[in-house]
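To start, I am sharing the structure in question, which I have written as structure tokens.
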Amino acid sequence: MSRVAITGGAGFLGSHLCERLLADGVEVVCVDNFVTGRPANVEHLLREPGFRLIEHDVTEALQVPGPLAAVLHFASPASPVDYYRLPIETLLVGSTGTQNALELAQAKGARFLLASTSEAYGDPKVHPQPETYWGNVNPVGPRSMYDEAKRYAEALTMAYRNARGVDTGIVRIFNTYGPRMRADDGRAIPTFIAQALRGEPITVAGDGSQTRSVCYVDDLIDGIVRLLWSWLPGPVNIGNPHELTILETARLVRELCGSGAPITFVPRPKDDPSVRQPDITLARRELGWEPRVAVTDGLARTIDWFRADLRELARAA
């Protein structure tokens, strides 16, 4: 039986990845310090015989006893609210944390998979974005702690591949949504859903004409798992090419929530990307992967989860 370690395994994506790999018969060691991850995300997995949870900050030396077939580095604040609050921690987990995870993979002779991001493309001048595009990133802007941490992590991953022979892969993750997102994490879809369910005004940044291409979490995890067990070094875009404006997304969420909440407009953050759409030609050709969950279906599932989660939070308050 294969055994893997997942840093950031109690986060939104990490917990879904733990769940999927366990279902595939893989033993999982989840490493998280719960700075942004939630213990509740993996609580149901503690009963699984193939699951182990280690509370640890990956910016400190990382050791996992026993063999590992792969190390998946998913530890990082990933929403503006979190990386604005934790800029230095974000840079350190992308630099020192990535190096510690790579050292672990090298020591175990394991494949290493880096969770990178479409933010590596910045505010793109090429649309849609292929993996060959180098991006348009402000290295000293308000988002630089996240964008540049991930770009550095990609460079470090390739250095370990080329200089030390570590079997590495890089996934560039585009906007993903689904159950276990935090209502307060600042990203558009959880914010819109929480506001609509609470009957609060739905706040759209700028005029809402900026676009995102949103991918349901189950589709994303399937693409990541295919890349994990492949030979591809990447980077590989994994995301849904179905592009929506932020205003269209807000209106769709409001409709699916059955809400009459008004849509209001707030100032747009500096360096907020104007467009975002993955070119997934490489993933289609080499991994046989493409998203299958329609946006309306994925949002409906996510809204159902948020309804239950917000009820739980209200009861606990």
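Where a number appears in this text, it was derived from the coordinates with a stated rule and is not lab data. Everything numeric in this text was worked out from a predicted model, so none of it was measured.
Along each of the three principal axes of the Cα atoms of region 93-151, give the extent in whole Å, ordering the values from largest to smallest.
On the principal axes, region 93-151 reaches 40, 24, 12 Å in Cα extent.
Just subtract the alpha-carbon distance of residue 55 and residue 23 from 0.36 nm times their residue separation and send over the number in nm, one decimal.
Taking residue 55 through residue 23 to full extension adds about 9.3 nm, to one decimal.
Residue 125: which aspartates and glutamates have alpha carbons under 15 Å from its alpha carbon, excluding same-chain residues fewer than 8 sequence positions away?
271, 272, 279
May I ask you to evaluate 6.51 cos²θ - 1.76 cosθ + 1.60, the Karplus curve with θ = phi - 60°, for each residue of region 172-182 and list the ³J(HN,Hα) values in order in whole Hz, giving x for glycine and proline?
Karplus values, whole Hz, x for Gly and Pro: 9, 8, 8, 2, 10, 9, x, x, 5, 5, 8.
How high is the relative contact order of the chain, in percent, counting Cα pairs under 8 Å that sit 6 or more residues apart?
Worked out over the chain, it gives 17 percent.
Could I ask something else about it? Grab the Cα-Cα distance for residue 290 and residue 163, subtract it from 0.36 nm times how many residues apart they are, and report the gain in nm with one decimal.
Details: separation 127, 0.36 × 127 = 45.72 nm, distance 3.25 nm.
Length difference between fully extended and current span is 42.5 nm.
Using the Cα atoms as the points, what is the convex hull volume per residue of the chain in Å³? Could you put the intermediate results ahead of the total?
On the way: hull volume 39.9 nm³, N = 317.
Once divided by residue count, the hull of the chain is 126 Å³.
Could I ask something else about it? At 37 °C and 0.692 mPa s, what whole-number value in µm²/s does Stokes-Einstein give for the translational diffusion of region 178-317, with Rh from the Kirkwood sum over Cα pairs?
The calculation lands on 202 µm²/s.
Identify all aspartates and glutamates with a Cα-Cα distance to residue 150 below 14 Å; exclude those on the same chain that are fewer than 8 residues away in sequence.
In chain and number order, the partners are 89, 119.
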